[in-house]
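In what follows, a structure is listed as C-alpha cells, so that the remarks can point back to it.
The values are calculated or read from the model by the stated rules, or taken from the named source; none is laboratory data. Fair warning: this is a prediction, and the values are worked out from it, not measured in the lab. Glycine also receives a Cβ, built like all others from the backbone with ideal geometry; neighbour counts cover every protein chain displayed. When the accessible area is computed, the model is the full protein with side chains, heavy atoms only, and any ligands, DNA or RNA have been set aside. Shrake-Rupley method; radii C 1.70, N 1.55, O 1.52, S 1.80 Å.
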Amino acid sequence: GGGGPLNPPAGPVASTYKTLTEVEPRIAISALNTPGDADSLFKITQPGSYYLTGNIAGVVGKHGIEIVTSGVTLDLSGFALSAFGPLTGTFDAITVTEPGQSNIAVLNGSIRQWGRDGVNLGDFNATGCRVEDVATTGNARMGVNVGSSAVVSRCSASGGQYGVYARANSTVSSCTATGAAFAGIIADPGSEIAHCSAYSNLDSGFIIDLGGTISDCSTFLNTGSGIRTGPGCTVAGCSASGNSVSGINTGAGSTVLNCSTSNNSASGIVTGLGCTVSSCSTYTNIASGIVTASGCTISSCMAFNNGASGISTANGCTIADCTSRFNSVDGILTSAECVIRGNNCSNNGSTASGAGIHAAGADNRIEANTCSNADRGIDVDAAGNIIVRNACTGNGTNWDVVAGNICLVVQGATSAAIVGNTGGAAPGSTDPNANFSY
C-alpha cells in the first residue's frame with residue numbers, strides 16, 4: 001500500500017500543541033488558585049471544576065476546603081484529607097459555610113478524623129448536591145452530611161456519631177455505615193435508601209422519615225433496631241439480623257414487603273397503625289416474629305421458631321395465607337375484629353403453652369385455617385366470633401372455644417386405603433361452614 005501525501009498543505013506551518021488549560025481545564029486546589037482564610041486551608045469562591053493534586057493535612061482551627069458558591073465539582077482525585085481528631089476542633093474536611101448554595105459535587109477520595117464532619121453540605125442545606133465514591137473514617141460527628149434533594153452513592157462511613165445524614169427528598173445508594181455512636185444512615189422525609197448496609201452501629205442501622213423508601217438493604221448487629229421508619233414508608237427487599245431491638249420497626253401506614261428478619265433481640269417486624277406486611281419471613285427472633293398495631297394486613301408471611309408468638313396483632317387486622325411454625329407460644333395471636341383466613345399453623349407452643357390460633361377478643365372471623373400439633377389448635381377466649389371451615393389435628397386439645405360463638409365442629413371420618421377410582425368416607429357433615437377434627 002502507499003503512504004500519505006508528501007507535500008505539506010498550503011499556507012503557513014502551524015503548531016499542533018495544546019495549552020495546559022486544554023489538557024487540564026479544571027482548577028487545581030492550591031494556595032495560589034484557592035487561597036484559604038482565617039478558618040479554612042483552601043476556599044472555593046467561584047463556580048467551576050476543581051481537583052486535588054495531593055493529600056491535605058488538617059491544622060488547628062481550620063476547615064480543610066471551604067465552599068461559598070454554587071456550581072462546584074470537587075474531585076479529590078483519590079487523595080486523602082486527614083486531621084487526627086481533636087486537632088481540628090469543630091471543623092470539617094469539606095464544608096459549605098453560607099446558605100443558599102446548590103449543585104455541589106464531592107467525588108473520589110478519603111477523609112478521616114476531622115473534628116466535626118467529613119463532608120458537610122447539610123448544615124446550611126446546600127441543595128441538589130452529590131457525594132460519590134468517598135470513604136470517611138473516624139470523623140467526630142458525621143461522615144457525610146448533605147442537604148435536601150441530594151444524591152449520596154458508593155460511599156462508606158465508619159465511626160462518628162452518624163455515618164450518612166441526608167435531608168428531605170434525597171437518595172442514598174450503595175453506601176456502607178458502621179460503628180457510629182448513633183444511627184448508621186438517616187434520611188429525612190421523602191427520601192430513598194437503596195442497596196446499602198449498616199452494621200455494628202450503636203443505635204439503629206437505618207432511620208428514614210415520613211414517606212421514605214428503603215429497599216434492598218441489609219442491617220446487622222446494631223444496638224438499636226435494624227431499620228426504623230416514620231409514617232407512610234415502604235421497606236422492600238431488606239434483611240435485618242442480629243440487632244439488639246427489632247429487626248424492622250415502622251410508623252403508621254407503612255408497607256413491609258419481601259423482607260427477612262432473624263435473630264433480633266426483640267421482634268422481627270413491628271408496625272404502627274394501618275400497615276401492610278406481605279411476603280416476609282421472620283426466623284428465630286427472641287420475641288415475636290411479626291407484631292402489628294390495629295388495622296393492619298399481614299399476608300403470605302412466614303414466622304418460624306420465634307421466642308414468643310409467630311404473628312401477634314391488635315384489633316381490626318387481617319392475617320391471610322401465612323405459615324407460622326415452631327414458635328414458642330401461639331402461632332397467631334389476635335385481639336378483636338380481625339379476619340384470620342387460610343393460614344397454616346403447626347407445632348406452636350414449642351417451649352410454652354400455645355395455640356395454633358389464639359383469639360383473645362370478640363368479632364373475629366376465623367376461617368379456613370389448619371392448626372396442628374400445638375397444645376391447643378384453635379383457642380377462642382371471648383364470645384361473638386365466627387369460626388368456620390377450619391381443620392385441627394394432633395393438638396393436645398383441638399378446640400378450646402368458650403360459649404357464645406358461632407362454631408360447628410365435627411369429627412372427620414377416616415377411610416380405608418383408596419386404590420383406583422372410588423372409595424373413601426364422607427368428612428362427616430354437609431354443612432359448608434363446618435370445622436373438622438381429624
Legend entry - Residues satisfying the stated conditions in the range 59-90, i.e. at pLDDT 95 or above, assigned to a loop (DSSP other than H, G, I, E, B) and more than 22 Å from Arg130 (Cβ to Cβ): Lys62
Legend entry - Selection from the range 337-351 of residues that are crowded, with 19+ Cβ neighbours inside 10 Å and in contact with a Gly (Cβ under 6 Å, 6 or more places away or on another chain): Cys345, Asn348
Inset, instruction - Take Ala31 and decide whether it is at pLDDT 90 or above, over 23 Å from Asn125 (Cβ atoms) and in a loop (DSSP other than H, G, I, E, B). - result: yes
Inset, instruction - Consider only pairs whose beta carbons are under 7 Å apart and that are at least six residues apart or on different chains; among these, list those whose first residue lies in the range 231-258 and is under 17 Å from Cys196 (Cα atoms) and whose second residue is assigned to a loop (DSSP other than H, G, I, E, B) and aromatic (Phe, Trp, Tyr). - result: none
Legend entry - Of all residues in the range 398-407 being out of contact with any Asp or Glu (no Cβ under 7 Å at 6 or more places or on another chain) and free of Cβ contacts under 8 Å to residues at least 24 places away in the same chain, the one that is surrounded by the most Cβ atoms within 10 Å (Cβ to Cβ): Val401
Inset, instruction - For the range 270-286, name all the residues that are without any contact (Cβ under 8 Å) to a residue 40 or more places away in the chain and open to solvent by less than 30 Å² (accessible area, probe 1.4 Å). - result: Thr271, Cys275, Val277, Ser278, Cys280, Thr282, Asn285
Inset, instruction - Report whether or not Val152 is closer than 26 Å to Ile27 by Cα and assigned to a strand (DSSP E or B). - result: yes
Inset, instruction - Might you check whether a residue that is crowded, with 24+ Cβ neighbours inside 10 Å and of a type in the set (S, T, N, Q) occurs anywhere in the range 352-361? - result: no
Inset, instruction - Would you tally the residues in the range 220-230 being in contact (Cβ under 8 Å) with a residue 24 or more places away in the chain and open to solvent by less than 40 Å² (accessible area, probe 1.4 Å)? - result: 6
Inset, instruction - Please work out if Ser153 is hydroxyl-bearing (Ser, Thr, Tyr), in contact (Cβ under 8 Å) with a residue 12 or more places away in the chain and either within 19 Å of Gly251 (Cβ to Cβ) or open to solvent by 20 Å² or more (accessible area, probe 1.4 Å) (or both). - result: no
Inset, instruction - Within the range 374-391, identify whether any single residue is out of contact with any helix residue (DSSP H, G or I) (no Cβ under 9 Å at 6 or more places or on another chain), at positive phi and open to solvent by less than 60 Å² (accessible area, probe 1.4 Å), and answer yes or no. - result: yes
Legend entry - Per-region count, the range 253-269, residues under 16 Å from Gly232 (Cβ atoms) and open to solvent by less than 40 Å² (accessible area, probe 1.4 Å): 2
Inset, instruction - Being over 20 Å from Asn55 (Cβ atoms), within 17 Å of the chain's Cα centre (by Cα) and surrounded by fewer than 19 Cβ atoms within 10 Å (Cβ to Cβ) narrows it down to one of Thr178, Thr171, so name that one. - result: Thr171
